[in-house]
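Each reported figure results from applying straightforward, stated rules to the coordinates on display, with no laboratory input. Every value quoted in this text rests on a predicted model; they were computed, and no experiment measured them. Cβ placement follows ideal geometry from the backbone for every residue including glycine, while neighbour counts extend to all protein chains displayed.
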Amino acid sequence: MLTIKNCMILVKSLCLVNGTEIRVYGDVINEDAYICLTDIAKKKNPTEAALVISHWLRNRSTIDFLGLWEQLHNPNFKPTEFGRFKYESGEAAFTLTTKQWVEATNAIGIISKAGKNGGTYAHSDIAFEFASWISPEFKLYIITDYQRLKKDESERLSIGWDVKRELDRIKSFL
């Protein structure tokens, strides 16, 4: 599985409603893309996106979803630590950051990146779940634009393949 740690090439931005741009890293075609949760969170609170993400992470349903996703996609996931977070998520004072989640559970579905193009990124499955928490309408816009991005990227790659095939055909005649 491609992870954002292995592939830091910006594919392109998703342009969404009201001019909101959402950064995407990774392989969109093969469903190994990571979408910037920080950009999505700015739709809810432009100045405190990290706080929005932290509030989402403290929900029991979020912990359940992240744990299930990791169990399905990550052979190195630590279920014992997941169980601890799941238990604690029922307490009023429970808090959780992306860094705490990743370090404790060895998660690969959600990560934080510092520096240029930094932010919190999540696999598209997780990002769509986060977008739903922000707003069902916003989730639909993200899914629609993500599908458009996949289609555009697929067409771009197929055009490149057709050109390469034509060049090979011409070379064979020479």
At R0 = 25 Å the Cβ-Cβ FRET efficiency linking Thr47 and Ser132, nearest 0.05, sits at 0.65
Long-range amide H partners of Ala33 with built H, under 5 Å:
Asp27, Ser124
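Which FRET efficiency value, to the nearest 0.05, do you get for Glu21 and Glu91 by plugging their Cβ-Cβ distance into 1/(1 + (r/R0)^6) with R0 = 35 Å?
Efficiency computed from Cβ-Cβ geometry: 0.45.
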Near-label residues of segment 123-151 by backbone N, under 17 Å of a point 7 Å along Cα→Cβ of Asn59
123-143
Would you mind computing, in nm to one decimal, how far apart the modelled labels at Gln100 and Asn117 are, each placed 7 Å from Cα along Cα→Cβ?
3.0 nm
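In the neighborhood of Ile53, defined by Cβ-to-Cβ distances under 15 Å, what is the net charge if each Lys or Arg adds +1 and each Asp or Glu adds -1?
On the way: positive: Arg23, Lys42, Lys43, Lys44, Arg58, Lys99, Lys113; negative: Asp39, Glu48, Glu129.
Its environment carries a net charge of +4.
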